[in-house]
């Protein structure tokens, strides 16, 4: 009999995950996070953090912060372990009514800050306005990959200084210009959230590209002469999601955001692309609903860290922050009560920022650093990861609808008269009750999944001659 699966000891798997969940619960009594001595406004959030290596400090940007340690503030302030928080010189909000700072970059002796209703430069303790009364929502600024200057990703509303501009702009340090005018034909009313140079091509991500027959691809790449689709792209069932962040890790390009699957891979909110094909990422983010998201990703010391708003990644308990080593996911074992908007490392220490107020029951608001001994509190190569490399091609086993709500149909390439045994597992190796399986027509079975928990499921199909594997997602 041909073997198309990895032999898997279910009993050991269940015991392993039971132990992991026990350790996760007991870990809550161990302090793993601490605040950094800030007293931030309780109803505001931090959106971005930038490591300023020139001044050896962190720079935070966010929703307009009325106070930091009791001092009146603007949306940007600095912090260092030795000097504490430093409030940048306030600016006139009647001239530049910024409320959200989304990205920060140092250029020489100046800080450049972009965000909602703004682009400004901070030099010699003085703010200089680049855009006034702007109705744009700038998202990301990176060095221009093809020469001097910088690229700026623009959000949904694209009006600068009263003029309509494109979704991608070039800044020469003095003036803003529309770059790649043709991209607006693909983005439409959507926006760009991130920009990255990968394998010599420019990738942009966000919400709105409409190549490939009108599918919301969420990502485009510039080949040097034209914008093109990325082999099916990021598909989003609700058409309400998008790709928030991109990062290169171990030679592959990772996408994180609010989406259901990449090129029908069945993994939600995170995707992996090697330049020619989509690869598995250990099962994706759980739960699946589009309120879950990945907002930020960073690579450090051989690991990929992701942060956002989620409960599990690949079946591993991980509340809003997780680590990936290319084969398995790990969670730190903490409970964070709000979303994480950005993540970075400073002096080899992990920092998170967002809208949270408590971590593991301790009052830690908006900014936290990790002080635990080892981030890898709960790890595991899930059943999904173990079987992902041997899943049957779609032409052999059809599983639909996928995602499913009440019923799942299986079409098998099996001659009539053969015995068929079907087993369905959760991503953590729990065998589901499948007595509801019933034949419907030639080589087709229908399975009731009413009442099953939302998430990914693995299917093992054994016939008289062969073994197949497949997967589906249950809403």
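The values are calculated or read from the model by the stated rules, or taken from the named source; none is laboratory data. The shown structure was predicted, so the numbers you read here are calculated from the model rather than taken from an experiment. Neighbour counts run over all protein chains shown; Cβ positions are idealised from the backbone, glycine included.
Matching residues to (1) surrounded by 24 or more Cβ atoms within 10 Å (Cβ to Cβ); (2) outside any strand (DSSP E or B); (3) at pLDDT 70 or above:
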| residue | (1), (2), (3) |
| --- | --- |
| 238 | no, yes, no |
| 243 | yes, no, yes |
| 265 | no, yes, no |
| 272 | no, no, yes |
Which condition number does residue 466 fail, the rest of (1) surrounded by fewer than 16 Cβ atoms within 10 Å (Cβ to Cβ); (2) over 24 Å from residue 282 (Cβ atoms); (3) at pLDDT 75 or above being met? (1)
From the list 338, 333, which residue is within 19 Å of residue 40 (Cβ to Cβ) and assigned to a loop (DSSP other than H, G, I, E, B)? 338
Within the stretch 377-404, the residues that are in a loop (DSSP other than H, G, I, E, B) and modelled with pLDDT of 85 or more are 401
Within the stretch 298-318, the count of residues that are outside any strand (DSSP E or B) and surrounded by 21 or more Cβ atoms within 10 Å (Cβ to Cβ) comes to 4
I'd like the full set of residues that are over 24 Å from residue 315 (Cα atoms) and free of Cβ contacts under 8 Å to residues at least 60 places away in the same chain, limited to the stretch 327-357. 348, 349
Count - residues of the stretch 320-360 that are crowded, with 21+ Cβ neighbours inside 10 Å and under 16 Å from the mean Cα position of the chain (by Cα): 15
